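Since the structure comes first, as structure tokens, the remarks are kept for the end.
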Amino acid sequence: MGILYSEPICQAAYQNDLGQVWRWVKEDNRYVDVQDGFNGDTPLICACRRGHVRIVSFLLRRNADVNLKNLKERTCLHYAVKKRFTFFDYLLIILLMPVLLIGYFLMVSKTKQNENLVRMLLDAGVEVNATDCYGYTALHYACQMKNQTLIPLLLKARADPMIRNKHGESSLDIAQRLKFSQIVSMLKKAS
């Protein structure tokens, strides 16, 4: 089921309903940055939570503010980096893996889609070192998730691997604690 939003455009963005998002924005372009009453999510954050690239692209073309934060002080980039495969994605991958490696290609496609989403946000000028209420940056989350695809993108956009969260851990500390040696070397090279 997912999340229910009080703002219809946020719900439409979360559910990947481009037609509905378009109707709200056509009525008043200020809807691109409306914040939901429950958690402060914007339509852009809602779309990034689910990895809806078409909705994100549409909202960015309408000048949605990529640096607006919700009540957890997270930007759309935090959610784009935290985006994982859904249970349904995993199920499809497992079921289709033996059939001509279709599952593998599905997995690669989803990973590329997430990479494109993050790249779009970075190109739109999102603050790469923005911290949430726990002091985490997008790079902290990418390191926690061992996301070797997104970490180079974030570092190229000048993500700072030495920013410490509220527990005193930097992205480098997280990678070292979790014993992700390739990520540790990437971060050391960048700092």
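The values are calculated or read from the model by the stated rules, or taken from the named source; none is laboratory data. Worth saying up front: this structure is predicted, and the values here are computed from it rather than measured. Positions of Cβ are generated from backbone atoms using ideal geometry, with glycine treated the same way; all protein chains shown enter the neighbour counts.
Considering only the stretch 21-38, how many residues are farther than 16 Å from ASN67 by Cα and surrounded by 15 or more Cβ atoms within 10 Å (Cβ to Cβ)?
So the first thing to find is which residues in the stretch 21-38 are farther than 16 Å from ASN67 by Cα, and the list is 21-29, 37-38.
After this cut, where a residue has to be surrounded by 15 or more Cβ atoms within 10 Å (Cβ to Cβ) as well, the list is 21-22, 24-25.
Summing the residues that are farther than 16 Å from ASN67 by Cα and surrounded by 15 or more Cβ atoms within 10 Å (Cβ to Cβ) in the stretch 21-38 gives 4.
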note = Of the residues in the stretch 53-73 that are of a type outside the set (Phe, Trp, Tyr) and not in a loop (DSSP other than H, G, I, E, B), the one that is farthest from TRP22 (Cα to Cα) is VAL53
Matching residues in the stretch 52-68 - criterion: being more than 19 Å from LYS26 (Cα to Cα) and crowded, with 21+ Cβ neighbours inside 10 Å = HIS52, VAL66
query = Given the conditions (1) in contact (Cβ under 8 Å) with a residue 60 or more places away in the chain; (2) surrounded by fewer than 20 Cβ atoms within 10 Å (Cβ to Cβ), which single one is not true for ARG158?
reply = (1)
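For the stretch 74-191, which fully contained helices (runs of 4 or more DSSP H) count at least 1 residues that are among the polar types (S, T, N, Q) and modelled with pLDDT under 90? Please lay out each step first, then the result.
Numbers: elements: 76-82, 87-96, 102-123, 138-144, 150-156, 171-177, 181-190.
The qualifying helices (runs of 4 or more DSSP H) are 102-123.
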query = Filter the stretch 132-146 for residues that are buried (at least 24 other Cβ atoms within 10 Å of the Cβ) and of a type outside the set (Phe, Trp, Tyr); which is farthest from LEU71 (Cα to Cα)?
reply = CYS143
remark   = Inside the stretch 121-135, the number of residues satisfying the requirement of being in contact with a Ser or Thr (Cβ under 9 Å, 6 or more places away or on another chain) and not hydrophobic (A, V, I, L, M, F, W, C) is 4
key: Failed item in (1) modelled with pLDDT of 95 or more; (2) farther than 24 Å from THR149 by Cβ, with ASN16 passing the rest   = (2)
